[in-house]
Amino acid sequence: MPELPEVETVRRGLQPVFEGARIARLHLARPDLRFPFPERFSERLEGRVVTSLSRRAKYLLAEIADGPILAMHLGMSGSFRIEANGAGTVPGSFVHPRSEARLHDHVRFELARPDGSAAAIVFNDPRRFGYMSLIEPGDFGAHPHFRDLGIEPTGNGLSGEALAPLFAGKAVPLKAALLDQRLIAGLGNIYVCEALWRAKLSPRRAAGSLVRRNGAPTPRLSVLADHIRETIADAILAGGSTLRDHRQATGELGYFQHSFNVYGREGQPCRRAECGGTVSRIVQSGRSTFFCASCQR
DNA sequence: AGAAGGCCCTGACCGC
DNA sequence: TGCGGTCAGGGCCTTC
């Protein structure tokens, strides 16, 4: 599921269950996901209280009172589900009843909530591209996963002025530049394709072509920045995209996939009324790019 | 230094 | 129905 809007949607689903809860018990079904779990992972978290659940790029960050930050990445196929006994004990209308472990359940957080109720948060990840790590708060900025991350594509930080120095002189295709987490953090394949379509920009164009020789952003770069922010904001409002049968932590489905203009639409007509072009699929740095060669220049 | 490609892993889907 | 090939939302590591 996991580009920024999906991770943000997961965060919003988990936040009311995680925040304020004590991790009564933490069960690992295996010693590793993509990477081994940190040393004494369960021991360092059990008995501690989660004070907040935030997000940076595609990472979920659980802050632990007097403890480390728990960083969680969903990889390609990671998902969380919330289990609770009894209706009304946990917010969210699609909370699962307690059940037997399912295939590919790897981590189970047993939580004691402030109101005295119990709940569990289960991490399931068939492909095991996800991972979890523990970071001491003072080390966060220097941590390899976070120190090189670029601009968050939410809020006003993403602008033509901010992108110009990052794109200046770069011959890499726009598609690759937008996927580079060191420049903009949180975009993935789907939303890059969608934002480029909205901005009428070709994914093959050199990133540096949107920067003036004096280093100033061209108008088109500013338009692109606007469209990236809007695409991400629209997707978050829609609860992210649900491909195949992925669901939010609360069990609800995202529905931004119904708003795709190019992603997965190879061979179909361009959605821009006046265009008349056809969506094509090419491969860039090993991944599919969907775009309309007629109106994206 | 920066960029391209391989690779980690499972599951779904397609064509034969 | 079964089998092999292909592809998938990410990002680290190696190679060039």
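The values are calculated or read from the model by the stated rules, or taken from the named source; none is laboratory data. Here the structure is a predicted model, which is why all the values come from computation and not from measurement. Every residue, glycine as well, gets a Cβ built from its backbone with ideal geometry; the counts of neighbours run over all protein chains shown. Ligands, DNA and RNA are excluded from the accessible area calculation, which covers all protein heavy atoms including side chains. Shrake-Rupley method; radii C 1.70, N 1.55, O 1.52, S 1.80 Å.
For q = 0.07, 0.08, 0.16 Å⁻¹, what log10 I(q)/I(0) does chain A give under the Debye formula with an equal point scatterer on each alpha carbon and no solvent?
For the requested q values the scattering log ratios are -0.30, -0.39, -1.24.
Sort A:THR154, A:THR242 from largest to smallest accessible area, using a 1.4 Å probe on the heavy atoms of the protein chains.
Descending accessible area places them as A:THR154, A:THR242.
Give the residue from A:SER280, A:PRO269, A:PHE256 lying farthest towards the positive end of the charge dipole for the stretch A:155-292; charges sit on Cβ (+1 for Lys and Arg, -1 for Asp and Glu) and the dipole is referred to the Cα centre.
Selected residue: A:SER280.
Considering amide H positions built from the backbone, and no H for Pro or chain starts, which residues 5 or more places from A:PHE129, or on another chain, come under 5 Å of its amide H?
Answer set, sorted by chain and number: A:MET76, A:SER77.
Work out how much length A:ASP32 to A:GLU100 would gain on full extension: take 0.36 nm times their residue separation and subtract the Cα-Cα distance, in nm to one decimal.
22.4 nm
Computed FRET efficiency, Cβ-Cβ of A:ALA273 and A:LEU243, R0 25 Å: what is it to the nearest 0.05?
Computed FRET efficiency for A:ALA273 and A:LEU243 comes out at 0.40.
What relative contact order, as a whole-number percentage, does the stretch A:1-129 give when Cα pairs under 8 Å and 6 or more residues apart are counted?
30
Show that you can apply the helix-only estimate: for chain A, add -39,500 (n - 2.57) for every DSSP H stretch of four or more residues, divide by all residues, and state [θ] at 222 nm to the nearest 500.
Estimated from H runs of four or more residues: -6500 deg cm²/dmol.
Calculate how steeply helix A:219-237 sits against the longest principal axis of the alpha-carbon atoms of chain A, using the helix alpha-carbon long axis, and give the answer as 0 to 90 degrees to the nearest 10.
Roughly 30 degrees, rounded to the nearest 10.
Which length gain, in nm to one decimal place, applies between A:ASN214 and A:SER294 when the Cα-Cα distance is subtracted from 0.36 nm times their residue separation?
Net length gain for the segment: 25.8 nm.
Given a 1.4 Å probe and every protein chain left where it sits, what share in percent of the accessible area of chain A is carbon and sulfur?
C and S fraction of accessible area: 50 percent.
Please compute the length gained on full extension between A:HIS143 and A:GLU43, using 0.36 nm multiplied by the number of residues separating them and subtracting their Cα-Cα distance.
Computed gain between A:HIS143 and A:GLU43 is 33.8 nm.
Order A:TYR263, A:TYR131, A:TYR255 by their accessible area, 1.4 angstrom probe, all chains in place, largest first. Intermediate values should be presented prior to the final figure.
On the way: A:TYR263 60, A:TYR131 25, A:TYR255 125 Å².
Ranked list, largest accessible area first: A:TYR255, A:TYR263, A:TYR131.
Compute the angle between helix A:189-198 and the longest alpha-carbon principal axis of chain A, please, reported from 0 to 90 degrees and rounded to the nearest 10.
40
Can you figure out the FRET efficiency of A:GLU136 with A:GLU266, using R₀ = 45 Å and their beta-carbon distance, to the nearest 0.05?
Once rounded, the FRET efficiency stands at 0.45.
Just reorder A:ARG212, A:ARG44, A:ARG220 by solvent-accessible area, largest first, 1.4 Å probe, all chains present.
Final ranking, largest accessible area leading: A:ARG212, A:ARG220, A:ARG44.
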